[in-house]
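Engineer: The structure under discussion is supplied below as structure tokens; questions concerning it will follow.
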Amino acid sequence: MALVIKNNESAIDQSKIAVPGKKMKLKNSKTKDAIPKSNRSIAKWYRTFVWSGIIFFFFCSFLALFKATTSARYNSEVISGVQSLKEELSAIKQTNIDDLKVDAYFSDFLPIYFDIESTNIDQKSKREELLGQYFKDTSDLTMNVSGDRSLKNFRLIDVSSADNGWIAKYEVTYTATDDEKKNTQQFHQVINMPFLYENGVFAMTETPYFTALESQSGLVDRTENNLSGQSEIDSDKKEQIQAFLDQFFKNYASTNESDMAYMMQDPESLKGEFEYISSENKVYDGGSGSWKVKSEVTFQLPKTSFMNTENMTLSLVQKDGKYFVENLTHTIGGN
């Protein structure tokens with residue numbers, strides 16, 4: 001009986017049998033565990049998002065720290081500025097004092113200090129007693145006093161700050177007579193009085209001292225008409241304006257401010273304390289339908305011969321066909 005060998009599917013594939021002397025080739029295939037491409041993209045995006053969040057968190061933290069530091073520095077500067085302002089205001093307050101209060105205080109002191117009757121024992125005793133209200137030790141002011149002295153008039157001319165308080169300066173006129181009462185002289189000087197002022201209380205800190213009176217007057221040229229180099233307007237228009245000015249100055253002298261409201265922007269008047277006499281007016285074109293007037297106006301005190309001439313500059317316009325004073329200044333110069 002013949003042996004039959006069947007060629008079935010389980011037969012060995014000859015191509016997979018290793019042949020001595022030859023290398024076997026393997027297919028480069030992917031494993032079942034490899035990450036799909038779409039999954040790798042998601043992971044990359046997630047890592048980017050996480051790192052972006054971390055970076056953003058640190059940036060915000062840095063920004064908050066920077067703002068906090070800047071704010072603290074700014075607040076410190078503000079506090080320092082406020083403190084500095086308080087100190088400046090305090091300094092300003094300390095450099096201001098009510099001159100009326102100063103004058104009231106020294107108006108009582110000056111007659112006590114100046115008036116001396118060397119032969120009047122009661123007056124000398126009373127003076128020493130009153131000076132004791134201003135000085136603890138009055139010996140320098142009461143001993144070795146000879147002759148008479150009398151205060152004629154005085155006026156406060158300055159109050160200034162000093163290293164240890166204030167100094168009140170008075171212009172004084174007084175007379176002094178020698179022991180024999182034969183020689184009387186009049187003096188015009190400045191007396192300086194150092195003092196303290198705290199919580200509404202005055203206190204003398206030094207003995208008063210004298211200085212020479214310095215001239216407080218000077219001479220300058222009178223203010224001139226700053227439009228004198230320009231030509232005035234024509235005579236017809238000037239006559240109309242002159243007629244208005246005569247009525248204006250008459251009302252200005254004799255009526256109240258409320259009555260002047262229809263003639264000028266900012267009403268003012270002499271309220272009948274003077275009478276209008278005359279005026280010399282130079283009228284110039286002010287442009288844009290306006291006129292500039294330079295006036296020398298003479299007023300007289302009622303029922304007397306006393307007259308006063310004043311300088312004025314007026315800006316005129318026309319309203320509803322009538323002249324109107326938009327501005328008035330008490331100077332011949334300027335605008």
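The values are calculated or read from the model by the stated rules, or taken from the named source; none is laboratory data. Given the structure is predicted, the values throughout are model-derived calculations rather than measurements. Because the Cβ atoms are built from the backbone with ideal geometry, glycine has one as well, and the counts that use them run over all protein chains shown. The accessibility values were calculated without ligands, DNA or RNA, using every heavy atom of the protein model including side chains. Shrake-Rupley method; radii C 1.70, N 1.55, O 1.52, S 1.80 Å.
Engineer: What aspartates and glutamates sit close enough to Lys126 to cross-link, taking a C-alpha to C-alpha distance under 18 Å and skipping anything fewer than 8 places away on the same chain?
Structural biologist: Cross-link targets: Asp108, Asp115, Glu117, Asp137, Asp140, Asp148.
Engineer: Moving to a separate point now. Using alpha carbon centroids, what distance separates region 174-196 and region 120-143, in Å?
Structural biologist: Using only Cα atoms to place each centre, the spacing works out to 17 Å.
Engineer: Using a 1.4 Å probe over the heavy atoms of the protein chains, calculate the carbon and sulfur portion of the accessible area of region 238-327 as a whole percent. Mind showing how you got there, number by number?
Structural biologist: Values: 2190 of 4910 Å².
With neighbouring chains kept in place, the figure for region 238-327 is 45 percent.
Engineer: Could I ask something else about it? Which pairs in the list Lys238/Lys271; Lys124/Lys169; Lys101/Lys250; Lys124/Lys182; Lys237/Lys303 are over 31 Å apart, alpha-carbon to alpha-carbon? Kindly include the intermediate steps, with their values, before the conclusion.
Structural biologist: Numbers: Lys238/Lys271 28 Å; Lys124/Lys169 25 Å; Lys101/Lys250 42 Å; Lys124/Lys182 21 Å; Lys237/Lys303 35 Å.
Beyond 31 Å: Lys101/Lys250; Lys237/Lys303.
Engineer: Follow-up. Using a basic spin-label model with each label point 7 Å from the Cα along Cα→Cβ, how many nm lie between Asn256 and Ser160?
Structural biologist: If labels sit at Asn256 and Ser160, their model points lie 4.7 nm apart.
Engineer: What accessible area per residue, rounded to a whole number of Å², is obtained for region 195-335 using a probe radius of 1.4 Å? Spell out each step's value before the answer.
Structural biologist: Working: 8890 Å² over 141 residues.
Using a 1.4 Å probe on heavy atoms only, each residue of region 195-335 averages 63 Å².
Engineer: What distance in nm separates the two pseudo spin-label positions at Gln186 and Lys271, each 7 Å out from Cα along the beta-carbon direction?
Structural biologist: It works out to 3.6 nm between the two label points.
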